1. In deg cm²/dmol and to the nearest 500, what is the mean residue ellipticity at 222 nm of the protein assembly as shown if only DSSP H runs of at least 4 residues count, each as -39500 (n - 2.57), divided by the residue total?
2. Cα-Cα over 26 Å: which of B:Lys6/B:Lys46; A:Lys6/A:Lys132; B:Lys46/B:Lys83?
3. If you plug each phi of the range B:11-18 into the Karplus form 6.51 cos²θ - 1.76 cosθ + 1.60 with θ = phi - 60°, what whole-Hz ³J(HN,Hα) values come out, in order, with x for Gly and Pro?
4. Given the C-alpha centroids of the range B:133-148 and the range B:37-56, what is the distance between them in whole angstrom?
5. Over chain B, with a Gaussian network built from C-alpha contacts below 10 Å, which listed residue (B:Asp97, B:Asp73, B:Asp88) shows the highest mean-square fluctuation?
6. So the label point sits 7 Å from Cα along the Cα-to-Cβ vector; using that for B:Ser176, what distances do you get to the other copies, in nanometres, sorted shortest first?
7. Can you pull the one-decimal nm distance between simple spin-label points at B:Ile67 and A:Ser96, each 7 Å off the Cα toward Cβ?
8. Modelling each spin label as a point 7 Å along the Cα-to-Cβ direction, I'd like the B:Lys83/B:Lys106 distance in nm, to one decimal.
Number of protein chains: 2
Amino acid sequence: MMAQNKYDDGVFFDEFMHLPSQALGLQGAPEWPSFRSLLPAVRGTKVIDLGCGQGFTCRWAREMGAILAHGIDISEKMLDSAKRFPADPAIEYEHSDLETIELPLKSCNLVISSLALHYVEHLPSVIAQVFKTLTPGGIFVFSVEHPIYTSPSNPQWTKDEKAAPLNDYLNEGPRSTNWLAEDVIKQHHTFATYVTLLIQAGFSIGAVIEWGPDKE
Amino acid sequence: MMAQNKYDDGVFFDEFMHLPSQALGLQGAPEWPSFRSLLPAVRGTKVIDLGCGQGFTCRWAREMGAILAHGIDISEKMLDSAKRFPADPAIEYEHSDLETIELPLKSCNLVISSLALHYVEHLPSVIAQVFKTLTPGGIFVFSVEHPIYTSPSNPQWTKDEKAAPLNDYLNEGPRSTNWLAEDVIKQHHTFATYVTLLIQAGFSIGAVIEWGPDKE
């Protein structure tokens, strides 16, 4: 089964590209400082970015001294956009579906993934691939939409944007939302599922952050 | 500062003692099978139970072959009730507040705590004490009320018992609820806080379960 690829849908893509995180890059992504705080020094490392989008993080990793950045995304449009930035021979882009991805054995020191895994239904295989592609001592840093927000069977922000119904937290599976476009399918997994699958794949949990917007 | 001890409040105590988990013991606690699935073999071990209540788990551990069980609780009434069961010289009960508890160095192989730590405001000290009292390779298994349920600034079950407001998840601190009696103070900590404090204390995370009632 292939993951839904809403990013190649015209309406969704146009809306998405106007988000601050896409128009401004990492500086426009409010969660970036928290995400970055989890990253090890990238100088001299090889990095894979799962769900690389326009390649902001790949380019950032290269600026920080990574010797190779490998960005993977399901969206041809996002990859086309990534390739419009000045070419860097040490950045490779690959079109692939995280549901079925195969990564090479021990190919890198750091795998990152920002807000992509909540589109993946079958997490065990992608997590196993990440573990396999990391060299010993390698690190996996990822963010997903908080399970509290993917929990409701019909997710939506309430008017005050502070409360969300929680009637289905333990019931994992697809959730259809109207975020930027209609019927965007996210896959709800619980917090315990993420932690358990990581441990089962061989990872040790190093840190967990639950991020929320500050007043600003 | 001392934790609130609602268990020695007459109204609360009387209501609490009629819950299935108290009237029937572990068989009346619906989450017990999940909790037990996380426990290692207890035969031959020394066990501490933080928030031991009437001592059901201490007695269970002894039946399973633990050589010593040490139950600790803030409630004199609960400990009095525990002592009404037939005496076992290998079970010790201690009256102590988890907020300020001091545990002996490397005294046991297993620390358990069932639905007690969500009353503790300052988790780092109790978690450090647990780490300190475990022998190398020792295990800490605990349950807390899910942070989703302690999150709301005014927690309450809605009429359909399926939805709870979530307006304050990242805002940690006391929550006053009317569970069995008025103004029962629970301390809301996020999922990330529990995981982070455990890692900072020196623990490796072995497993996480998010439990919810099944249809039965």
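Bear in mind these aren't lab numbers, they're just calculated from the coordinates by the rules spelled out. Just so you know, these numbers come straight off a predicted model, no measurement behind them. Glycine gets a Cβ as well: all are built from the backbone with ideal geometry, and neighbour counts include every protein chain shown.
1. Counting only the DSSP helices, I get -7500 deg cm²/dmol.
2. In this structure, B:Lys6/B:Lys46; A:Lys6/A:Lys132 exceed 26 Å between Cα atoms.
3. 5, 4, 4, 5, 5, 4, 5, 8
4. Going from one Cα centre to the other spans 11 Å.
5. Checking each option, the largest mean-square fluctuation is seen for B:Asp88.
6. 4.4
7. Using points 7 Å along Cα→Cβ, the separation is 5.2 nm.
8. 3.3 nm
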